Amino acid sequence: MTAVSEDTSVRRAPPSGRARRGFRLFGAGLGGLGGVIATLFGLILVTFLIGRAMPIDPVIAIVGDHAPPDVIAHVRDQLGLDKPLYVQFAIYVRDLLSGDLGRSVMTSQPVTADIGRYFPATLELATVAIIIAVVLGIPLGVVAAAREGSRFDHAVRVLSLAGQSIPVFVLGLLALLIFYVKLGIAPGTGQVDVAYEGMVPDVTGMLVVDSALAGNWDVFQDALWHLAMPSLILAYFSLSIIARMTRAFMLDALAGEFIVTARAKGLSGMRILWRHGFGNIAVPLITIVALAYAGLLEGAVLTETVFSWPGIGLYLTVSLLNADMNAVLGATLVIGCVYVGLNLLADLAYRLLDPRVK
Amino acid sequence: MEVVVQNLRIAFPSPSGPLEAVRGVSFTLGQEKLAIVGESGSGKSLTARAIMRLLPRAAMLSADALRFDGIDVLNADENAMRRIRGGRAGLVMQDPKYSLNPVMTAGAQIAEAWRAHRGGTRRQAREAAVDLLAQVQIRDPGAVADRYPHQLSGGMGQRVMIAMMLAPDPELLIADEPTSALDATVQAEILRLIEDLVQRRGMGLILISHDLPLVSHFCDRVLVMYAGRVVEECRAGELARAQHPYTRGLLECLPILSEKRRRLAVLRRDPSWAAA
C-alpha cells in the first residue's frame, strides 16, 4: 500500500523524445544482451560437447601414435581429460572468461594469438566482398523491381537464383581452373605471390592495408590482384541474396498507396523510386546485409580452403583435420561471436533508424 | 481551368482479352464541385485519376479527348504531366495511414511537394509546410510537421494530405473518398475544410463518394456511374428527383431516421443498365 502511494507521489516528469529514444535503445540493448549471452553459452556448450564426443584422442594428437603409455597418461592428466566432463567444461569456461582459449597443438601458440593473426585476412576478404555485393546488389534489386517483368528483371532473378544455388567452392574451383590454369590471367591461390611474402610489416593483418601503409605498391598491387577472385566469388554469393531481397522488398514498397501520392505530387521517377520506395526498405535491408556479411565471415571456410587464403576459415579446416580441438573450439567461437554481434548491431540499427519501431 | 473528357475508356489485360473498366465516359468540368458516385468497381476512381494519368501500369487508356486546361493528357510527355500532377491538380486519397509515406515526417512530405513545383531552399520549404499546416487548421503546426504519419490521427493525417496537395496552389482537387476512413465527426470537419479551401482558392473539385445525401448538398453536379459508364448526370440539388432506375434504387435503399421503420428496398439490377 505504502509502496503504491510512494510511487505515485514521486512520479518523474515524462522524458523528452530524445531521452525516451535513448532509454528505448538502452533497454533494447540490454534485452538483446541477455539473448546474446544465452546464445553464446549454448554455442560454447555445443561446440565443447562435439569436440569431446569426437572419436579422436587429443592426447594422441599431441604425443603421437607410438608414445609410451606413461607419457600418454601424464599428458592426459595435464590436459585435465581424466576429470568428469562437466568439470572439464567448467574449466574451459573459466579459462575462456579470462581470455584463454588454450594452446594450439599445431602451431604451439595460444589460440587467441593464432586467431589474431588469421582473422584479419578473413575480415579483409569478407569486407571487400560485402562492399561489392552491396554496391551492385542493391541497385540491381531496385531496378529489377522498378521494371518488374522486364528482361532485365528476369536476368537479375536468374543471376541471383544461380548465385544462391551454386556452392561457392564449385565456383571457386571452376574460376581457378579457367582463369588461372587455362587462361593464366588470374593469380593463383594465397594472399600474395610467394616472392612478396613477409615484405611488409604486419600492422592490421590485412595485406592490402598493410602494404598501402608501408607504401610498398608492388605488394599492394599483387595483394589486390590475389584478393580479386576469391572476393568476387564471395561477393556473388551475397549479391544474389541482397539483390533478391531488395527486389522483393521494393516490389512490396512500390505497391504502396504512398507511391501513388508521390506520383500525384509530380515527383520525378528517380525520386519516387529512391526516396519513397527505397527509403521505406533501407532499414530492413540493413538486417539482410548484416546477415549476409556474417554469412561471408562464416562461409569463408570453403572459399579460403579452395584459395588457400590464410584466414580463420582455413585455420579452422586445417585444425579440424589435425584434431587440434582447442583451435577448432576457438575459431568456432569467434565466428559465432561475429555472427551474434552483427545480428545485435542490425537489431539496434533497426530500432534507431526506423521511426515506427516503438 | 477546364477539364474535358470525351469517350474515356480504360481497359486492363486479362486472360480472356482486354477487360474494360471504364467504357466511354464523357464530361466537362470548370470551376465547380463535381461529384462522382457509384458502387465499388464502377470506375469512379479510374476516371478521376485518368485526368492526372495516374493509372496502374497495366491500364490501357484511350479517349476521343482528354484535356486539362488545353493540355492533351493522352499525349503529353512525362515532364508535362509532372507539372500537372501536384502543380495544377492534387489528389487526396482515402486513408492517410496508407497514402502518407511512413518513414518521412509530415513536414518533409509537404515541403517536398512545395519544392518540387516552386523550388527554393529547404528552409523556405519547411516554413511553407508549417504555414500550410496552419491553413488546414492544425493547432500546433510546428510540432505536427516533425511527426511521422503513425503518430497522427486519421483526421490529422488527412489534413496533412490536403496541405501537401495544396502546396503548389493547384486549380483542381480530386478527393477520392477523402472521409471514408474517418470517424463521423471528423468527416464533417474535413469536408468543411475542403469546401472552405475550394471556395477560397477558387479551385475545381472532383469528389468521389458513396454518400448520396452528402454530395447532393455539398456539390454542384453529380455523375452517377455504373459498370464503367455514366448512367445519369444531374444538378446536385435535383439528385432526389433522379430518373435513372439505378440512381433511384440507390436512393431508395437509404434508411431515413425520421420515418417509421419499414423493410428497406433492395436494389434490383437490370442488365440493360450495363449495356451500351
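Couple of notes before you dig in:
- Region B:35-60, residues that are surrounded by 19 or more Cβ atoms within 10 Å (Cβ to Cβ) and among the hydrophobic types (A, V, I, L, M, F, W, C): B:Ala35, B:Ile36, B:Val37, B:Leu46, B:Ala48, B:Ala50, B:Ile51, B:Met52, B:Leu54
- Residue in region B:79-86 that is part of a loop (DSSP other than H, G, I, E, B) and more than 9 Å from every other protein chain (Cβ to nearest Cβ) present: no
- Per the listing A:Val192, A:Val208, the residue uniquely in a loop (DSSP other than H, G, I, E, B) and within 24 Å of the chain's Cα centre (by Cα) is A:Val192.
- Within region A:294-341, being free of Cβ contacts under 8 Å to residues at least 60 places away in the same chain and under 21 Å from A:Ser231 (Cβ atoms) holds for A:Ala294, A:Gly295, A:Glu298, A:Val301, A:Leu316, A:Thr317, A:Ile335, A:Val338, A:Tyr339.
- Residues of region A:256-281 satisfying the condition of being closer than 17 Å to A:Ala144 by Cβ, at the interface with another protein chain (Cβ under 10 Å from one of its Cβ atoms) and surrounded by fewer than 17 Cβ atoms within 10 Å (Cβ to Cβ): A:Gly269
- Some residue of region A:124-134 being among the charged types (D, E, K, R), assigned to a helix (DSSP H, G or I) and closer than 30 Å to A:Leu316 by Cβ: yes
- Criterion applied to B:Asp176, B:Asp183 was being modelled with pLDDT of 85 or more and over 22 Å from B:Met52 (Cβ atoms), and the one residue passing it is B:Asp183.
- Exactly one residue out of A:Leu296, A:Leu352 is within 14 Å of chain B (Cβ to nearest Cβ) and either buried (at least 22 other Cβ atoms within 10 Å of the Cβ) or part of a helix (DSSP H, G or I) (or both): that is A:Leu352.
- Enumeration of residues in region B:217-253 that are over 22 Å from B:Gly43 (Cα atoms) and of a type outside the set (Asp, Glu): B:His217, B:Gly237, B:Ala240, B:Arg241
- Note on region B:144-170: residues that are under 24 Å from B:Gly43 (Cβ atoms) and touching a Lys or Arg at 6+ places or on another chain (Cβ under 6 Å) amount to 1.
- So B:Arg248, is it charged (D, E, K, R), free of Cβ contacts under 8 Å to residues at least 12 places away in the same chain and either surrounded by 13 or more Cβ atoms within 10 Å (Cβ to Cβ) or closer than 23 Å to B:Ala274 by Cα (or both): yes
- Selection within region B:55-78 - more than 25 Å from B:Arg23 (Cβ to Cβ) and within 9 Å of another protein chain (Cβ to nearest Cβ): B:Glu78
- Residue match in region B:205-225 (condition: in contact with an Asp or Glu (Cβ under 7 Å, 6 or more places away or on another chain), exposed (fewer than 15 other Cβ atoms within 10 Å of the Cβ) and more than 30 Å from B:Ile84 (Cβ to Cβ)): no
- Scanning region A:96-136 for residues that are of a type in the set (Ser, Thr, Tyr) and touching a Gly at 6+ places or on another chain (Cβ under 6 Å) returns A:Tyr118, A:Thr122.
- Positions within region B:111-169 being under 21 Å from the mean Cα position of the chain (by Cα), of a type in the set (Gly, Ala, Ser), facing another protein chain (nearest Cβ under 9 Å) and under 21 Å from A:Asn280 (Cα atoms), in sequence order: B:Ala113
- Filtered residue count, region B:87-110, keeping only those that are facing chain A (nearest Cβ under 7 Å), more than 22 Å from B:Ile208 (Cβ to Cβ) and not aliphatic (A, V, I, L, M): 2
- Matching residues in region B:75-97 - criterion: being surrounded by fewer than 20 Cβ atoms within 10 Å (Cβ to Cβ) and hydrophobic (A, V, I, L, M, F, W, C): B:Ala76, B:Ala80, B:Met81
The values are calculated or read from the model by the stated rules, or taken from the named source; none is laboratory data. No experiment lies behind these values; they were computed from the predicted model shown. Ideal geometry is used to build each Cβ from the backbone, glycine not excepted, and the neighbour counts take in all protein chains shown.
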